[in-house]
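The values are calculated or read from the model by the stated rules, or taken from the named source; none is laboratory data. Quick caveat: nothing in here was measured; it's all calculated off a predicted structure. All Cβ positions, glycine included, derive from the backbone under ideal geometry; neighbour counts span all protein chains shown.
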Amino acid sequence: MTDTISEHADQSLHEGEALVEMKEVGKSYGAIRALRGVNLTVRAGEVTCVLGDNGAGKSTLIKIISGLHPHNEGTLKVDGREVHFSSPREALDHGIATVYQDLAVVALMEVWRNFFLGSEMTTSGIPLSALKVKDMKRIADEELRKMGIVVKDIDQPIGELSGGQRQCVAIARAVYFGARVLILDEPTAALGVKQSGVVLKYTAAARDAGLGVVFITHNPHHAYLVGDHFVILKLGQAVLDRRRSEVDLDQLTRQMAGGDELTELSHELQR
Amino acid sequence: MSQTSEKQALGAPAEDTNRVQLGFLNRALARPEIGALVAAIVIGIFFLVVAPPFRSAESLATVLYQSSTIGIVAVAVGMLMIGGEFDLSAGVMVTTAGLVNAIFSYQNNLNLWVGAALSLVVALAIGFLNGYLVMKTGIASFLITLGTFFVLQGVNLGVTKRVTGSVSTPNIDQMNGYSQLQKVFASTFQVGSVNVSITVVWWFLFVALASWVLLRTKVGNWIFAVGGNQASARAVGVPVMKVKIGLFMTVSFLAWFTGMHTLYRFNTIQAGNGVGNEFLYIIAAVVGGTLLTGGYGNAIGVAIGSFIFGMTSLCIVYAGWDPNWFRAFLGVMLLLAVLVNLYVKKLSTSRKVG
């Protein structure tokens, strides 16, 4: 299946090339500063893990990259050029696709409709022209099969698939439509062990195909399995920013669990 | 690059084996219009038995006409509901459209086509405003259009009284353009010995078009998506705002169309008309299998829902019963439909692993 990802992935991607660069990026919602001074580089063929507790600014960060909310401090560069996204469509046009944990798919719609949502194939450019239903069903089924996701019936509502499979369909869809940067928002948070494994393998496959992956999670174990670079956010700021060689799982886990705060707390609670 | 390819038996093909193919009955039940179709057949047979006047082609034509008067707007309301929104102003908008045409043309002594065009612009503007306000403010469409509903209701009566001195418009059948417009919106034609209203043809046409749009076009895909999961639709690049405003404008366009029919059929419009019809549209859509919460339904179902409405409203009269029972009947139908919908939604969202 890695072959199919490579097949669709942008051939011009070079490993290590910076796809997205954030410099001193900040974002305020009214009087509240959700994010400040964050530096983050997403490189081709690498998984950048963004870790953090609830409210640490993870969501804000990905909303900026994926075009849902524009940033209001610092610079965001894609392929070396400064950008300011005002809609997810713009981000998608730059090859940045986001797979959200809970809103990845439309549950009541068929698998193939979900697969092509927003990038439908039509017979002509005229408004209200016919969808290429047969082609769309065939391609969706083939692509999913190649990637190891077997659906009994491509016509079944996607809500009938398991959570892990739904995530995988969303990832497969993003890759098929030429994503160069893949943002995964807590893809394993709602999944069991086995389903998480499926998603993690998939993440690794996307990385091996040369895509730049941003993996958002609050599970350091999952992050350490696939990550090349780790950023921990706390209260809107980066408290740790290291390459894989500079950090081990214990440090990550400790930082995630609260770091110095945890030490302090353990003193306070000592009996 | 591909070192992982050998060890990757991704996904879980094993799940293939523990998923069962649903039986034909279950799959049929999962279609939105099935409940309505069964109900229509049962009710039809019932009235054929108890209401002898119903057993004629003429009655069928009348029932179809009655259905079309609700069905044309109901199709648009159904699409809007699939898109996850409500429009409570659709009923009075029909009257507004007729009033604008009649009053503007009459007062300025202009060709009725000019009034009809202006009326279309006004209707589309109201639809746009409904959609724009819903999208910009994020307030539930139920509330926004409830506001529009009251505004239009008041304006309809206020303006008509002020301009004409009464609550109805003057007769327009001697004005320029009347005969053509009457042909388009309110003529009848012969099929054998039966008179069929042109609105029945328009109704079928709009249902067919809506069905095509919903199931076979990109826009249709987007309508289901914005109704089923708006955030997800936006994230994959669906222009949510355009789709929803377009849906509100579709409702107002077909409300205008029905307004034109009312005006050219009776040559005058009562300013207080249309109140309450917005609920009939919603009931037709829900009885036809449209989910109240959006993302599910189809045009044929809404048409069947409208047909049930038309059939019942007339057959209660054919059966010689007190017509007041009609409303009670509609209420029961609505409740049953909601129950069926709930069951259907469960059926299609739960994982059915054998």
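When you check B:S232 against the structure, is it of a type in the set (S, T, Y) and within 30 Å of A:F85 (Cβ to Cβ), yes or no? Taking the combined requirement at face value, the residue satisfies it.
When you scan segment B:175-198, do you find a residue that is over 28 Å from B:V302 (Cβ atoms), of a type in the set (S, T, N, Q), touching a strand residue (DSSP E or B) at 6+ places or on another chain (Cβ under 7 Å) and surrounded by 14 or more Cβ atoms within 10 Å (Cβ to Cβ), even just one? No, segment B:175-198 has no match at all. Does A:R180 fit the bill of being buried (at least 19 other Cβ atoms within 10 Å of the Cβ), more than 9 Å from every other protein chain (Cβ to nearest Cβ), of a type in the set (K, R) and touching a helix residue (DSSP H, G or I) at 6+ places or on another chain (Cβ under 8 Å)? For A:R180, the condition - buried (at least 19 other Cβ atoms within 10 Å of the Cβ), more than 9 Å from every other protein chain (Cβ to nearest Cβ), of a type in the set (K, R) and touching a helix residue (DSSP H, G or I) at 6+ places or on another chain (Cβ under 8 Å) - is not met.
Scanning segment B:129-159 for residues that are closer than 17 Å to B:K244 by Cβ and crowded, with 21+ Cβ neighbours inside 10 Å yields B:N130, B:G131, B:V134, B:S141, B:I144, B:T145, B:T148. Taking segment B:129-223 as the region of interest, the helices (runs of 4 or more DSSP H) fully inside it that hold 3 or more residues being touching a residue at least 40 places away in the same chain (Cβ under 8 Å) and hydroxyl-bearing (S, T, Y) are B:141-164. Residues considered: B:T160, B:T169, B:T188, B:T145. Of these, the only one that is within 25 Å of B:E278 (Cβ to Cβ) and within 26 Å of the chain's Cα centre (by Cα) is B:T145. Taken together, A:V99, A:V111 contain a single residue that is more than 7 Å from chain B (Cβ to nearest Cβ), within 17 Å of the chain's Cα centre (by Cα) and among the β-branched types (V, I, T), which is A:V99. With respect to (1) part of a helix (DSSP H, G or I); (2) within 8 Å of another protein chain (Cβ to nearest Cβ); (3) free of Cβ contacts under 8 Å to residues at least 24 places away in the same chain, the lone exception for A:G159 is condition (3).
For segment B:234-249, the set of residues classified as within 7 Å of another protein chain (Cβ to nearest Cβ) and either at pLDDT 95 or above or in a helix (DSSP H, G or I) (or both) consists of B:R234, B:A235, listed by residue number. Summed over segment B:115-128, residues that are more than 20 Å from the chain's Cα centre (by Cα), in contact (Cβ under 8 Å) with a residue 12 or more places away in the chain and surrounded by fewer than 19 Cβ atoms within 10 Å (Cβ to Cβ) total 1. Residue under question is A:G74, and the condition is that it be surrounded by fewer than 21 Cβ atoms within 10 Å (Cβ to Cβ), of a type in the set (G, A, S) and away from chain B (no Cβ under 11 Å); does it hold? Spelling it out, A:G74 is indeed surrounded by fewer than 21 Cβ atoms within 10 Å (Cβ to Cβ), of a type in the set (G, A, S) and away from chain B (no Cβ under 11 Å). Residues of segment A:81-129 that are among the aliphatic types (A, V, I, L, M) and exposed (fewer than 15 other Cβ atoms within 10 Å of the Cβ): A:M121, A:I126, A:L128.
Looking across segment B:259-298, the residues that are crowded, with 20+ Cβ neighbours inside 10 Å and within 14 Å of chain A (Cβ to nearest Cβ) come down to B:G289, B:T290, B:L291, B:G294, B:G295, B:Y296, B:G297, B:N298. Would segment A:6-17 turn up any residue that is at pLDDT 85 or above and farther than 30 Å from A:E142 by Cβ? Among the residues of segment A:6-17, not one is at pLDDT 85 or above and farther than 30 Å from A:E142 by Cβ, which makes the answer no. Tell me whether segment A:196-212 contains one or more residues that are within 24 Å of B:I223 (Cα to Cα), surrounded by fewer than 21 Cβ atoms within 10 Å (Cβ to Cβ) and at the interface with another protein chain (Cβ under 8 Å from one of its Cβ atoms). For segment A:196-212, residues within 24 Å of B:I223 (Cα to Cα), surrounded by fewer than 21 Cβ atoms within 10 Å (Cβ to Cβ) and at the interface with another protein chain (Cβ under 8 Å from one of its Cβ atoms): absent.
Just so you know, in segment A:133-159 the residues that are farther than 17 Å from B:A225 by Cβ and of a type in the set (D, E) include one that is modelled with the highest pLDDT, and it is A:D135.
The residue of segment B:319-343 that is farthest from the chain's Cα centre (by Cα), among those that are assigned to a loop (DSSP other than H, G, I, E, B) and surrounded by fewer than 11 Cβ atoms within 10 Å (Cβ to Cβ), is B:G320.
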